[in-house]
Each structure stands twice: as structure tokens, then as C-alpha cells.
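All remarks here apply to the structure that follows.
The values are calculated or read from the model by the stated rules, or taken from the named source; none is laboratory data. Quantities reported herein were computed from a predicted structural model and do not represent experimental measurements. Cβ sites come from the backbone with ideal geometry, for glycine too, and all protein chains shown count toward neighbours.
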């Protein structure tokens with residue numbers, strides 16, 4: 001006769017064995033929504049003052065750090081869904097930010113970003129649209 005503790009142990013081991021059959025590579029890639037955006041030149045229009053800025057998208061991840069353009073920032077993915085991502089990042093010696101990108105189509109996204117850049121707080125909100133090749 002098998003005791004209750006032994007049955008729980010066997011069930012836990014069986015569950016772990018089943019989970020081991022599914023490789024981690026079967027998971028969706030991190031920030032996959034950004035990979036679905038149209039490549040090329042995008043125009044970012046700021047809601048606060050109507051100014052525009054062009055960004056060349058090669059991976060879609062260029063939209064995460066609108067204010068911090070350096071590449072050596074550490075990133076932490078807060079939200080990673082089919083049509084929306086939120087990423088928090090820290091750029092040592094130059095501040096940090098938190099950016100939310102909501103996809104409305106392959107060529108339109110809404111962006112909100114806030115944080116500290118060079119010791120000064122910033123808050124950005126705008127819409128980015130694909131406008132052609134880089």
C-alpha cells in the first residue's frame with residue numbers, strides 16, 4: 001500500500017517529467033509583437049506639441065528607447081502580449097524609462113514613455129506611423 005505522501009511525490013515527479021518534454025524554445029519569442037511591425041521609416045508625432053520625428057525601424061525595438069538612444073541599457077519586460085508591450089529600462093549613468101507600445105496595425109502604434117534622462121524627468125505620448133523606406 002502506498003502512502004499519501006508517496007502518491008503526492010510520484011504525481012509531482014510525473015508532472016515535472018511531462019513539463020520537461022516541452023523545450024523552452026517552443027515559447028513565443030520575447031517582444032514578438034514588435035517583430036510584426038512594418039520595417040522602414042516611421043514618423044512619431046508627439047501629442048503634447050505636435051512635433052514629429054522620424055525613426056528607422058529595423059527590429060521594432062527602436063521604439064522602446066525614444067529618449068535614450070544608447071544601446072547598452074538593461075531592459076526588463078513588464079508586459080508582453082500580442083498587441084501591447086511594456087518595457088522598463090535602465091541606462092547606467094544616464095537615467096531610466098518605462099515605455100508602453102500598443103499596436104493598432106502593422107503600420108500604426110501608440111507610444112507612451114516616461115522616466116529620467118540626464119537627470120531631468122520626461123514624459124512622452126504619441127502615435128507612430130510607417131511612412132516608407134529608411
In region 90-115, anything over 18 Å from residue 73 (Cβ atoms), assigned to a strand (DSSP E or B) and more than 14 Å from the chain's Cα centre (by Cα) is listed as 104, 105, 108
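Among 43, 62, which is modelled with pLDDT of 95 or more, out of contact with any helix residue (DSSP H, G or I) (no Cβ under 8 Å at 6 or more places or on another chain) and more than 19 Å from residue 118 (Cβ to Cβ)?
Numbers: 62 fails: modelled with pLDDT of 95 or more.
Testing whether each residue is modelled with pLDDT of 95 or more, out of contact with any helix residue (DSSP H, G or I) (no Cβ under 8 Å at 6 or more places or on another chain) and more than 19 Å from residue 118 (Cβ to Cβ) leaves just 43.
Being assigned to a strand (DSSP E or B), closer than 23 Å to residue 107 by Cβ and in contact with a strand residue (DSSP E or B) (Cβ under 6 Å, 6 or more places away or on another chain) is the filter here; which residues of region 57-89 pass it?
Here is the first cut: in region 57-89, the ones assigned to a strand (DSSP E or B) are 57, 74-80, 84-89.
Keeping just the survivors that are closer than 23 Å to residue 107 by Cβ gives 57, 79-80, 84-87.
Selection gives 57, 79, 84, 85, 86, 87.
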Quick one: is residue 50 on the phi < 0 side of the Ramachandran plot, at pLDDT below 95 and either surrounded by fewer than 10 Cβ atoms within 10 Å (Cβ to Cβ) or in a helix (DSSP H, G or I) (or both)?
no
- Could you please let me know if residue 67 is at pLDDT below 95, surrounded by 10 or more Cβ atoms within 10 Å (Cβ to Cβ) and either in contact with a helix residue (DSSP H, G or I) (Cβ under 7 Å, 6 or more places away or on another chain) or closer than 26 Å to residue 134 by Cβ (or both)? yes
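Pick from region 116-133 the residues that are more than 18 Å from the chain's Cα centre (by Cα) and buried (at least 16 other Cβ atoms within 10 Å of the Cβ): which of them is nearest to residue 60 (Cα to Cα)? I'd like the intermediate steps shown before the answer.
Within region 116-133, the first condition is being more than 18 Å from the chain's Cα centre (by Cα), and the residues that meet it are 116-122, 130-133.
Add one more test, that the residue is buried (at least 16 other Cβ atoms within 10 Å of the Cβ), and what stays is 116-117, 130.
Working: 116: 22, 117: 21, 130: 11 Å.
Among those residues, the one meeting the criterion is 130.
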